[in-house]
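Right, one structure below, let's go through it.
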Amino acid sequence: MKTPRNPKDVHAPVAPYVHQIEVSEPNRWLTVSGQLGMSIDGNVPEDPLEQLKLALDNISKNLEDADMQVEDLTKLVFYLVGEFEAGKRRQVIKDFLGDNLPCTTMIYVVALAAPKFKVEIDAWACKEIEQT
């Protein structure tokens, strides 16, 4: 079981996330390598917001492959290069997450694996094992 919490003695979240998620066993865990804003055919759009959408879509596809969904995400780490208009960036993330609020970290870095990449996202998810 996942229990999201925002401690009363810590500032309110400044974006769509929670400060902590406690996980009680039994669960299946999924760790997803950093997903880039690249389509299946290798296309990398120049627009960083389009890369963000593609990277989130790639996370969704990883979740589906593991019989999980966005609601199972517990942690996202965003690595961003360059300028992202904050309001638009938050809206893309909010549209992806819906009502699910995982823990998140956002880090601006100088560069990723190649100059064309402006977004990379690590993800962790857990799904409760149904007891029979």
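Here are some notes:
- Stretchable slack from N43 to T31, in nm (0.36 nm times residue separation minus alpha-carbon distance): 1.9 nm
- By definition, a body whose alpha carbon gyration tensor gives a ≥ b ≥ c is oblate when a/c is 1.5 or more and a/b is not larger than b/c, and the chain fits this oblate description.
- Stretch in the chain that is longest and holds no GluC sites (Glu not before Pro) that DSSP places in a loop and that have at most 14 other beta carbons within 10 Å: 1-45
Values quoted throughout were computed directly from the atomic coordinates according to the rules given, and no laboratory measurement underlies them. Note that the structure is a prediction, hence the values are computed from the model and not measured. All Cβ positions, even for glycine, are placed from backbone atoms using ideal geometry, and neighbour counts span all protein chains on display.
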